[in-house]
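Okay, here's the structure, questions in a sec.
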Amino acid sequence: MSEEANPFESLQEQIDDASAYLDVGDDVIERLKHPERVLETNLTVELDDGSLERFRAFRSQFNGDRGPYKGGIRYHPNVSRDEVKALSGWMAYKTAIVGIPYGGGKGGIVIDPKEYSEKELERITRSFAKELRPFIGEDRDIPAPDVNTGQPEMNWIKDTYETLENTTEPGVVTGKAIESGGSAGRVEATGRSTMLAAREAFDYLGRDVADATVAVQGYGNAGWIAANLLEEQGATVVAVSDSSGAIHHEDGLDTQAVRDHKDETGSVVDFEGATDEFAGEELLTLDVDLLVPAALENAVDEERAHDIEADVIVEAANGPLTPDADDVLTESDVLVVPDILANAGGVTVSYFEWVQNRQRFYWDEERVNDELETVIVNAFDDLVDAYENNDVSNFRTAAYVVAIRRVAQAFEEGGVFP
Ligand code: NAD
């Protein structure tokens, strides 16, 4: 992946692109380009051998005009202040385009979690939760899983928070295990919205996603579920990758069998149902109908964008295309469904989880999936509407036009304090 594009600058460029189509003052746009605050903290944690280690950690609260800050917590060696700021901004606009009553936030720890035991990860997570405690809460800021975090981390954060606050407040985090107050359908939600966005995009083009060949970069939570649900729709998933490499079969991979293989061996490579394997980046330029980047930012830069063969890209990952790549793909008529809509299933079902936590009344999976489909299809319609009525050049700018207008309106209605 290219190391060059700074994700925070990418976010700001996306906001600038959309602001040209909005009747919103430059002073308000300036505010909407920066986080309200960023917590940077150093965690000191005891390792299993008794030694101490310092970990840098961040939480960015980008915008709270439409509701509590909301967004995941990432564990990765490349986590940085600017990455967290960018991801928190994307969350603010994601919650706006799907019309759920949240702002945007994001956090992360600079760590390669593979190098630590489960007990160490628990202590690191609880230490971060202690630092976050004054800033989070179901009406303040609600963390969720992101890259390399999942139900265990959310359960530890909730337990630490509730213990220190002497309360029960399951809605302080989302993405929890069911018995700890999680929602049915949450684990699958990001992949499900990716599938729904792909289905709508093909429909928009007068095509059927069932006839599509698909390549998926990244076979973690978002990527594998998207692949599996697209296969369920009838699409042919010809290639998938993870950080170890890519596998391919032109007649289609059995996505569940690939998942089982990854669970057993730790990677998709050496899967016996594949005909060939290659370096992960080669997957991005395969001649497929649909490309789903579901790994990390900047997977496609300007140079690689020239080699893209897919007709449609649906961004399961956050920020997988650099702004320069976006320009190239717009020129070459590749339809890109932006991250803030395509992967919004995660935060949408997080919202359903929070609603259920607050009502202490839980829905079945069918209801969750139905409500999610309504939200994503409505958001896609809003995006198409903005695309067709604003003379914007691509779907991403259309999505930002809708989202920024909503955040700006909430800000202007609230006014400035003091
Ligand atoms: P994950 O940790 O479960 O999976 C990430 C996958 O990407 C892993 O399979 C990893 O091996 C792979 N990967 C890493 N580097 C790669 C590379 N260079 N080439 C190919 N594969 C590579 O994470 P996730 O939760 O699936 O998140 C993936 C993306 O989706 C991130 O951008 C995240 O912000 C975004 N996202 C996730 C959710 C969610 O609910 N999980 C919601 C919204 C957005």
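The values are calculated or read from the model by the stated rules, or taken from the named source; none is laboratory data. Predicted model only: the values in this text are computed from it and were never measured. Don't worry about glycine lacking a Cβ; one is built from the backbone with ideal geometry, like all the others, and counts go over all protein chains shown. Ligands, DNA and RNA are excluded from the accessible area calculation, which covers all protein heavy atoms including side chains. Shrake-Rupley method; radii C 1.70, N 1.55, O 1.52, S 1.80 Å.
Out of the residues in the range 1-45 that are surrounded by fewer than 20 Cβ atoms within 10 Å (Cβ to Cβ), more than 30 Å from G245 (Cβ to Cβ) and of a type in the set (S, T, Y), state the one that is nearest to the chain's Cα centre (by Cα).
If we take residues in the range 1-45 being surrounded by fewer than 20 Cβ atoms within 10 Å (Cβ to Cβ), more than 30 Å from G245 (Cβ to Cβ) and of a type in the set (S, T, Y), then T41 is nearest to the chain's Cα centre (by Cα).
Only residues that are farther than 20 Å from A235 by Cα and near the ligand (Cβ under 10 Å from one of its atoms): list them for the range 258-272, please.
K262, G266, S267 - these are the residues of the range 258-272 that are farther than 20 Å from A235 by Cα and near the ligand (Cβ under 10 Å from one of its atoms).
Sticking with this structure for a sec: Just for the range 362-380: of the residues that are over 10 Å from V98 (Cβ atoms) and of a type in the set (S, T, N, Q), which one is least open to solvent (accessible area, probe 1.4 Å)?
N369
The rows are residues; the columns are (1) more than 10 Å from S193 (Cα to Cα); (2) within 16 Å of the ligand (Cβ to nearest atom); (3) modelled with pLDDT of 95 or more.
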{"residue": "F352", "(1), (2), (3)": "yes, yes, yes"}
{"residue": "N357", "(1), (2), (3)": "yes, no, yes"}
{"residue": "T374", "(1), (2), (3)": "yes, no, yes"}
{"residue": "V377", "(1), (2), (3)": "no, no, yes"}
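May I pose another question? Test T174 against the stated conditions and say whether it is more than 16 Å from the ligand (Cβ to nearest atom) and either touching a Gly at 6+ places or on another chain (Cβ under 8 Å) or of a type in the set (V, I, T) (or both).
Taking the combined requirement at face value, the residue does not satisfy it.
When the residues of the range 165-179 are narrowed to those that are of a type in the set (S, T, Y) and in contact with an Asp or Glu (Cβ under 8 Å, 6 or more places away or on another chain), which ends up surrounded by the fewest Cβ atoms within 10 Å (Cβ to Cβ)?
Step by step, filter the range 165-179, then rank; the result is T168.
Looking at (1) within 15 Å of the ligand (Cβ to nearest atom); (2) more than 23 Å from the chain's Cα centre (by Cα), which one does F55 not meet, given that it meets all the others?
(1)
When you look at D48, is it buried (at least 18 other Cβ atoms within 10 Å of the Cβ) and either among the acidic types (D, E) or farther than 30 Å from V402 by Cα (or both), yes or no?
Criteria not met by D48.
Of all the residues that make up the range 312-342, how many are open to solvent by 10 Å² or more (accessible area, probe 1.4 Å) and not hydroxyl-bearing (S, T, Y)?
Total meeting the criteria: 11.
Something else: Of all residues in the range 273-301, which are surrounded by 17 or more Cβ atoms within 10 Å (Cβ to Cβ), of a type in the set (D, E) and more than 8 Å from the ligand (Cβ to nearest atom)?
E277, D289, D301
Right, another one. Please find, among E115, E162, E122, E153, the residue that is without any contact (Cβ under 8 Å) to a residue 40 or more places away in the chain, among the charged types (D, E, K, R) and within 26 Å of N298 (Cβ to Cβ).
E115
Looking only at the range 347-366, count every residue that is farther than 24 Å from G72 by Cβ and touching a residue at least 60 places away in the same chain (Cβ under 8 Å) and tell me the total.
Qualifying residue count for the region: 1.
Would you mind telling me which numbered condition in (1) within 23 Å of D333 (Cβ to Cβ); (2) within 15 Å of the ligand (Cβ to nearest atom); (3) among the aliphatic types (A, V, I, L, M) L205 fails?
Among (1) within 23 Å of D333 (Cβ to Cβ); (2) within 15 Å of the ligand (Cβ to nearest atom); (3) among the aliphatic types (A, V, I, L, M), the lone unmet condition for L205 is (2).
So is Y387 among the hydroxyl-bearing types (S, T, Y) and buried (at least 24 other Cβ atoms within 10 Å of the Cβ) or not?
no
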